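The values are calculated or read from the model by the stated rules, or taken from the named source; none is laboratory data. Given the structure is predicted, the values throughout are model-derived calculations rather than measurements. All Cβ positions, glycine included, derive from the backbone under ideal geometry; neighbour counts span all protein chains shown. Each accessible area value is taken on the protein alone, full model and side chains, heavy atoms only, with ligands, DNA and RNA left out. Shrake-Rupley method; radii C 1.70, N 1.55, O 1.52, S 1.80 Å.
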Amino acid sequence: MGSGWLADAVMYEIYPQSFADSDGDGIGDLRGVIDRLDHIASLGVDTIWFNPCFASPFFDAGYDVSDYLRVAPRYGTNDDLVELVAAAKQRGIRVVLDLVVGHTSIEHAWFQRELHATGPDPDGDRYVWREHLPQRTWSSDLPGTPGWVASPGPREGFYLKNFYDEQPALNFGWTHLPDDEPWRDPVDGPGPRRNRQMLRDVLDFWLSRGVAGFRVDMAFSLVKDDRDPTACVQATTELWREIRQWLDDAHPDAVLIPEGPEPRMGTDLAFDADFFLVILAEHATLFDNHAAGVLPFQPPQPPFFDAEGAGSTSTFLAGWAAAKQVDPHRPVILSTADHDFNRLACGPRTAEQLGAALTFLFTWGSVPCLYYGDEIGMRYLPGMPDVEGAICNPAYNRAGCRTPMQWDDGPNAGFSTADPAQLYLPIDPDPRRPTVAAQQDDPASTLNLVRRLIALRRAEPALGGRTPTTVLHAGYPFTYRRGDSHLVVVNPRREPAVVELAEAAGAQVLLGSGVVIDGQRVQVDGFGHAVLALPLAPVSAGSS
Ligand code: GLC
């Protein structure tokens, strides 16, 4: 299973549209990323995760792929991606791509072929078609919920979508096969078999070009079942385990990262990590202050990382304990933010408040994933236009976390030379907006805090992803031990916080501000945060 490198990784997510535009068309591109690799390397991260960069009509920002084997022309060429992978490797950075295999774009040649056919493909349909609307169906017609879409013709009937209507579900078969619905294929039917082979072909194509692995979009959406959700997850997991077994021979170092946590089905796991996704309760209860909208699937509650200090770490810690109980060594990825919801700097959360959040994110026993721009505290921009399917639910707008990277004080914050009206999304209009250039040489900047935290994590294995994390105080100030050698204290609230801890005696601050240790007393200013070294454990007499 993978090579294990993921447990030591520090990841950096790049939304390619918005990172750096080298050709002045207003949209980021791969050459732009190549030009900015030194910035990425200066952070200390060692793994880039790209959101999809493949050919696409961009109804859903590239999560609607029309050719898995071709880089979208607006981002460059396949050769550019190979060059980027090689240039990143020279700096010790791996590149992970996004694999969107639950569905394609309606513009994919496979879909167009089936759309223009008069009936099922003799080799097996790659998509799911039926002539009449079913009696049994899914209850809601929301993006992300499978649903039937009337064929835009010439083929008659309906196709199954996976997210937006423009994202037809690929046919990986069904677990429930009623006699009166003969159009359903079993998971080993000819169409599903073609798609399983396709999966290997796509993985092999990019892994052979130096890519280090994939983040798998909607990883557990492949096999369908409208009656028994567990059965389809079981069958989908089985499919991924087969892929993992093949990878173990063909590309043993490659990693597969699921979009969320991998469901535990009582068998071997197929993926190399769990992902505590931004929209899930474990992350949302820590950071979601509702300023980017409301997640319809999370009951709103005050986040722990908030000036008011009314939140709790309990949901996060319960999820963490559950994940670690099953397998203490399995990596759990925890992002600062991502392309699907908000940012750390969201609504009332100020730059001053980011230190506690970043200190936690880079010293917890998870694998950190820094979302582009969060290293300078770029803010979530409310009121952005609905570009490329950004609004998938009326309750929130993903565009606010997808705005262009702010590099310097030049036109368009150094992102692009295009006319501002041509930009993918508007730049933050605030004249005090953070930029890389302004923070570069400021020792007190968010950028340099991030660099110092990552450097410390690298220098001290106890702060990495392989060492146990022991919570000493779950409230304010949140206090935990890493291994036997380090203590971390963060107080995300405005009010100072104090805790008495026998373990804290003699601890020395390595990095941070606003934390004083007085005997066993840990005193933390509002928004204070620190990483501390614990005194060495006494060596017992007679030990050598
Ligand atoms: C995942 C992606 C999201 C996309 C959706 C459909 O949730 O992160 O951006 O819209 O899948 O592919």
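The table that follows gives values for the structure above.
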read-out: Residue within the stretch 420-427 that is within 16 Å of the ligand (Cβ to nearest atom), over 25 Å from residue 6 (Cα atoms), modelled with pLDDT of 95 or more and touching a helix residue (DSSP H, G or I) at 6+ places or on another chain (Cβ under 7 Å) present; value: yes
read-out: Among residues of the stretch 235-250, those that are within 15 Å of residue 271 (Cβ to Cβ) and open to solvent by 30 Å² or more (accessible area, probe 1.4 Å), counted; value: 6
read-out: Residue 306 outside any strand (DSSP E or B), among the acidic types (Asp, Glu) and crowded, with 19+ Cβ neighbours inside 10 Å; value: yes
read-out: Subset of the stretch 208-233 (residues that are buried (at least 19 other Cβ atoms within 10 Å of the Cβ), touching a residue at least 40 places away in the same chain (Cβ under 8 Å) and more than 16 Å from the ligand (Cβ to nearest atom)); value: 211, 212, 213, 223, 225, 232
read-out: Pair list, Cβ under 9 Å, 6 or more apart: the stretch 347-360 residue under 17 Å from residue 292 (Cα atoms) and of a type in the set (Ser, Thr, Tyr), other residue modelled with pLDDT of 95 or more and open to solvent by less than 20 Å² (accessible area, probe 1.4 Å); value: 350/307; 350/377
read-out: Elements of type strands (runs of 3 or more DSSP E) contained in the stretch 2-78, each with 3 or more residues being open to solvent by 10 Å² or more (accessible area, probe 1.4 Å); value: 67-71
read-out: Positions within the stretch 462-480 being of a type outside the set (Phe, Trp, Tyr), over 16 Å from residue 324 (Cα atoms) and open to solvent by 10 Å² or more (accessible area, probe 1.4 Å), in sequence order; value: 462, 472, 473, 474, 475
read-out: Every residue from the stretch 181-195 that is out of contact with any strand residue (DSSP E or B) (no Cβ under 7 Å at 6 or more places or on another chain) and either on the phi > 0 side of the Ramachandran plot or buried (at least 21 other Cβ atoms within 10 Å of the Cβ) (or both); value: 187, 191, 192
read-out: Strands (runs of 3 or more DSSP E) completely within the stretch 81-167 that count 2 or more residues being surrounded by 13 or more Cβ atoms within 10 Å (Cβ to Cβ) and of a type in the set (S, T, N, Q); value: none
